[in-house]
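Novice: Shown below is the structure under consideration.
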Amino acid sequence: MRSFKHTLVMAGSALTLAACAPVPKALRPNTFTGFFGLIHLIVVIWAIVDIVGSTTKSTGTKVLWILVVAFAPLIGLIFYIMAGRDK
């Protein structure tokens with residue numbers, strides 16, 4: 001029977017090998033994805049600041065909108081901008 005320490009060492013070795021595996025060219029970051037990632041981050045931060053600063057939403061509604069924006073990034077932002085913003 002293997003010890004717990006041996007299992008941890010084997011799992012760590014597997015993770016190290018997986019991290020060293022070559023990344024397919026289609027998944028490598030480039031300037032284009034970095035630019036849109038930065039724009040997306042700015043819009044998410046703006047949406048969260050807008051949600052927290054809202055005076056017409058209850059605390060529960062604010063928390064729900066923040067979760068939607070955080071866990072459904074693109075769809076959540078679009079949905080918030082169309083339906084959740086104060087007019």
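The values are calculated or read from the model by the stated rules, or taken from the named source; none is laboratory data. Every value quoted in this text rests on a predicted model; they were computed, and no experiment measured them. Positions of Cβ are generated from backbone atoms using ideal geometry, with glycine treated the same way; all protein chains shown enter the neighbour counts.
Here is a yes/no grid of residues against (1) under 24 Å from the mean Cα position of the chain (by Cα); (2) of a type in the set (Lys, Arg); (3) at pLDDT below 65:
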position	(1), (2), (3)
4	no, no, yes
21	yes, no, yes
37	yes, no, no
41	yes, no, no
59	yes, no, no
63	yes, no, no
71	yes, no, no
74	yes, no, no
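Novice: Please go through segment 47-69 and pick out each residue that is surrounded by 15 or more Cβ atoms within 10 Å (Cβ to Cβ) and in a loop (DSSP other than H, G, I, E, B).
Specialist: 54, 57 - these are the residues of segment 47-69 that are surrounded by 15 or more Cβ atoms within 10 Å (Cβ to Cβ) and in a loop (DSSP other than H, G, I, E, B).
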